[in-house]
Amino acid sequence: DTGVSQDPRHKITKRGQNVTFRCDPISEHNRLYWYRQTLGQGPEFLTYFQNEAQLEKSRLLSDRFSAERPKGSFSTLEIQHTEQGDSAMYLCASSRWANRQNTGELFFGEGSRLTVL
Amino acid sequence: AQTVTQSQPEMSVQEAETVTLSCTYDTSESDYYLFWYKQPPSRQMILVIRQEAYKQQNATENRFSVNFQKAAKSFSLKISDSQLGDAAMYFCAYRREGFGNEKLTFGTGTRLTIIP
């Protein structure tokens, strides 16, 4: 399977602990995105990378959140000192650069569900 | 800021019938893309159909078609001959055109139930 994979699929943690999620994009995709989805809502943009460069960060990405894509391949999203409000599904997606000839379609992983107790 | 509104939290349709999901959006841009994504239970989100704002012709993908009304800022999805596998959350999404405009803005979704 060459789709987007995310690990772990589920994470339960206590408030104040740190958690890290990993995303492996489709291999030929140079763009990688993180979204957060809470219950009853659509996904909200957090950040995106082109290769190893983080080009945009949402205001939703507080100082407790950090994302990296060190070699332009896989990415990690770390949340420090988790709070109950961080409970959500964290979605990763990848794409090729969009232009008039290709859709720039985002391919999503199945997500990593975080529960903060 | 761009916003996307889906006013139907839930919809249901009999198998083999046709259903239309509504979406409106707000933008001051003239060039952009609109998308419908499908999120089946416990599975990843997949693209159903996309529309470029500069195209007047409505996009069609097999049983899925859109009604794009640019002046009204409306983008509805029609699913014909509904099948059990169509049951999912459907999200409408917007993205500005142009390099660097990578953020997708999603609506809150419509849960579609297919009645056998």
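The values are calculated or read from the model by the stated rules, or taken from the named source; none is laboratory data. All figures in this text were calculated on a predicted structure; none of them were measured in a lab. All Cβ positions, even for glycine, are placed from backbone atoms using ideal geometry, and neighbour counts span all protein chains on display. SASA here: full protein model, heavy atoms, side chains in, ligands and nucleic acids out. Shrake-Rupley method; radii C 1.70, N 1.55, O 1.52, S 1.80 Å.
Viscosity 1.306 mPa s, temperature 10 °C: Stokes-Einstein D of the range A:6-97 from its Kirkwood Cα radius, in µm² per second?
Translational diffusion coefficient: 119 µm²/s.
Report the per residue volume, in Å³, of the convex hull enclosing the C-alpha atoms of the range B:22-111.
101
Looking at the range A:27-95, which GluC sites (Glu not before Pro) are in a loop (DSSP not H, G, I, E or B) and have at most 13 other Cβ atoms within 10 Å?
On the way: sites: A:Glu28, A:Glu44, A:Glu52, A:Glu56, A:Glu68, A:Glu78, A:Glu83; in loops: A:Glu28, A:Glu52, A:Glu83.
Here the GluC sites (Glu not before Pro) that fit, given the DSSP loop and packing criteria, are A:Glu28, A:Glu83.
On the first, second and third principal axes, largest extent first, how far apart are the outermost C-alpha atoms of the range A:1-59 in Å?
Ordered largest first, the range A:1-59 gives principal extents of 36, 30, 25 Å.
For the range B:1-105, which GluC sites (Glu not before Pro) are in a loop by DSSP, counting at most 15 other Cβ atoms within 10 Å?
B:Glu15, B:Glu17, B:Glu29
For chain B, modelled as a Gaussian network with Cα springs under 10 Å, which listed residue fluctuates most, B:Gln39, B:Gln57, B:Gln83?
B:Gln57
Please list, by residue number, every one of the chymotrypsin sites (Phe, Trp or Tyr not before Pro) in the range B:29-102 that is coil in DSSP and has at most 11 other beta-carbon atoms within 10 Å.
Here the chymotrypsin sites (Phe, Trp or Tyr not before Pro) that fit, given the DSSP loop and packing criteria, are B:Phe99.
Chain A: longest stretch without exposed trypsin sites (Lys or Arg not before Pro) (DSSP loop, at most 16 other Cβ within 10 Å), sites themselves excluded?
A:16-58
May I ask you to work out the translational diffusion coefficient for the protein assembly as shown at 20 °C, viscosity 1.002 mPa s, via Stokes-Einstein with Rh from the Kirkwood sum over Cα pairs, reported in whole µm²/s?
117
With a cut-off of 16 Å, note down the residues of the range A:3-26 whose backbone N falls inside the zone around a label point 7 Å from the Cα of A:Asp63 toward its beta carbon.
none
Please give the average number of partner chain Cβ atoms lying within 10 Å of the Cβ of each residue in B:42-49, rounded to a whole number.
5
Give the A-B buried accessible area in Å², both sides summed, 1.4 Å probe, nearest 100.
1900
What does the charge dipole of the range A:1-65 about its Cα centre add up to, to the nearest 20 debye, if the Cβ of each Lys and Arg holds +1 and the Cβ of each Asp and Glu holds -1?
Roughly 480 debye, rounded to the nearest 20.
From Cα pairs below 8 angstrom and at least 6 apart in sequence, can you work out the relative contact order of the range A:24-107, rounded to a whole percent? Before the final figure, lay out each step's value.
Working: 155 pairs, mean separation 28.4, N = 84.
Relative contact order here is 34 percent.
So how strong a dipole does the range A:38-100 carry about its Cα centre when Lys and Arg Cβ are +1 and Asp and Glu Cβ are -1, to the nearest 20 debye?
So the dipole magnitude of the range A:38-100 works out to roughly 360 debye.
Quick one: putting +1 on the C-beta of Lys and Arg, -1 on the C-beta of Asp and Glu, what dipole do you get for the protein assembly as shown around its Cα centre, in Debye to the nearest 20?
Its charge dipole is roughly 280 debye.
When ligands, DNA and RNA are left out and all protein chains stay put, how many square angstrom of accessible area per residue does the range A:9-48 have with a 1.4 Å probe? Don't skip to the answer; put the middle values down first.
Values: 2030 Å² over 40 residues.
With all protein chains present, the range A:9-48 gives 51 Å² per residue.
So, with a 1.4 angstrom probe, what is the percent of accessible area on chain A that is carbon and sulfur? Walk me through the intermediate numbers first.
On the way: 2720 of 6160 Å².
About 44 percent, which is the carbon plus sulfur part of the accessible surface.
Can you give me the distance in nm between label points at A:Glu78 and A:Gln54, each placed 7 Å from the Cα along the Cα-to-Cβ direction?
Each label point lies 7 Å from its Cα, and together they span 1.0 nm.
With unit charges on the beta carbons (Lys and Arg positive, Asp and Glu negative) and the dipole taken about the Cα centre of the protein assembly as shown, which residue among B:Phe64, B:Ser42, A:Leu55 sits farthest to the positive side?
Positive-end residue among those listed: A:Leu55.
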